[in-house]
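In what follows, a single structure is set out as structure tokens and then discussed.
The values are calculated or read from the model by the stated rules, or taken from the named source; none is laboratory data. All of these numbers come straight from a predicted model, not from anything done at the bench. Note that we place each Cβ from the backbone using ideal geometry, even for glycine, and neighbour counts take in every protein chain shown.
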Amino acid sequence: MAARSVGGKAGSTSLVERLAFYESYHGNFWNKVIHVVCIPLIVWGVLVALCKVPLLGTNLGALTTAAYCAMYTLADPASGLTWGAFVGLPLYSSAIKAVVALGPTASNLWGLAAFVFGFYFQVHVGHMVFEKTKPALVDGFVEVSTMRASERANRSRLGFPSL
């Protein structure tokens, strides 16, 4: 299957174009529900690992969360601040608490389990069973990796159907 693009351009950078690209892979209600649950599990699993890497007086998990918040805020200020307050900060806080409370070995196992479970369910159950298409990640890593929060926060404003 050829890569899907919006406006004839692969790797579009416009917020509306990226949302349209992402929406084209997520039409099934149950696939969307699975993504709402599983994407945060994947992010949390990654943050658990990144919280253990010291960098610039803090850790890589904190810096990654701040970088995503800044990126989303630049794309759309309301989305970025909303993502930071309601997604980024809670995921980071719970990841760092898991690392402290469980220790390195147990937190690694929980983080890996969350990542594998979330990834499997969104790819296999969400896309293969319900959507019957490959994940957008296969055709557009940049679009997917930079659009998660902005996509949800802007759905109504841009006229896309809500979940």
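If I ask for residues that are under 17 Å from the mean Cα position of the chain (by Cα) and surrounded by 15 or more Cβ atoms within 10 Å (Cβ to Cβ), which ones from the stretch 95-124 would you list? Within the stretch 95-124, Ala95, Gly111, Ala114, Phe115, Phe117, Gly118, Phe119, Phe121, Gln122, Val123 meet the criteria. Only one entry in Leu50, Leu63 is surrounded by fewer than 17 Cβ atoms within 10 Å (Cβ to Cβ) and at pLDDT 95 or above, namely Leu63.
Screening Trp44 on (1) modelled with pLDDT of 90 or more; (2) buried (at least 17 other Cβ atoms within 10 Å of the Cβ); (3) more than 12 Å from the chain's Cα centre (by Cα) shows it passes everything except condition (3).
Within the stretch 114-126, the set of residues being over 15 Å from Leu50 (Cα atoms) and among the small types (Gly, Ala, Ser) comprises Gly118, Gly126.
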